[in-house]
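Asks: Here you go, one structure.
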Amino acid sequence: MTAPHPEDIQQAVAAAALAAPGVAALQPALADRLALAASRAITARTTTHHEASGIRCEHTSEGGWHVEVRCILHADRRVVDIARQVREDVRTAVTACLTQHGTPKPVTVLVTVTRTV
């Protein structure tokens, strides 16, 4: 079978993270913010680009995947509970995506809460 594209992994991660109760949005990285600020033309950004802006996916040397998700949470929820839920949901989504493309590989998920609103 074919290897999954990082964009496929990012889409699965974004959908899983944003579906978790208590997650308000994903926090874009500094590079995403700078690229947006530097662009002269104002264009409509696709949903995929918005969703992937708070996610970093790396293929590890062992053949697995390392996924980092930066979340913005609603303030009325316990951060630790939401982070655990996001980690499990993202791991499940990435494993399912990898299974569609062949044998699933190990998935490590790091959830970072950057702020609450």
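The values are calculated or read from the model by the stated rules, or taken from the named source; none is laboratory data. As the structure is a computational prediction, the values presented were derived from the model and not from experiment. Heads up, the Cβs are rebuilt from the backbone with ideal geometry, glycines too, and the neighbour counts pull from every protein chain shown.
Asks: What number of residues within the stretch 46-61 satisfy the criterion of being assigned to a loop (DSSP other than H, G, I, E, B) and modelled with pLDDT of 50 or more?
Replies: 4
Asks: While we're on this one: Contact list please: Cβ distance under 7 Å, first residue in the stretch 1-28 and closer than 18 Å to V86 by Cα and in contact (Cβ under 8 Å) with a residue 12 or more places away in the chain, second residue part of a loop (DSSP other than H, G, I, E, B) and of a type in the set (S, T, N, Q), pairs at least six apart or on different chains.
Replies: L26/S53; P28/S53
Asks: Now a separate question. Does T95 fit the bill of being closer than 19 Å to A15 by Cα and in contact (Cβ under 8 Å) with a residue 60 or more places away in the chain?
Replies: Answer is no for this residue.
Asks: Inspect all residues belonging to the stretch 78-97 and state whether any of them is outside any helix (DSSP H, G or I) and modelled with pLDDT of 85 or more.
Replies: Looking for residues that are outside any helix (DSSP H, G or I) and modelled with pLDDT of 85 or more, one finds at least one in the stretch 78-97, hence yes.
Asks: Within the stretch 54-92, how many residues are of a type in the set (A, V, I, L, M, F, W, C) and free of Cβ contacts under 8 Å to residues at least 12 places away in the same chain?
Replies: 1
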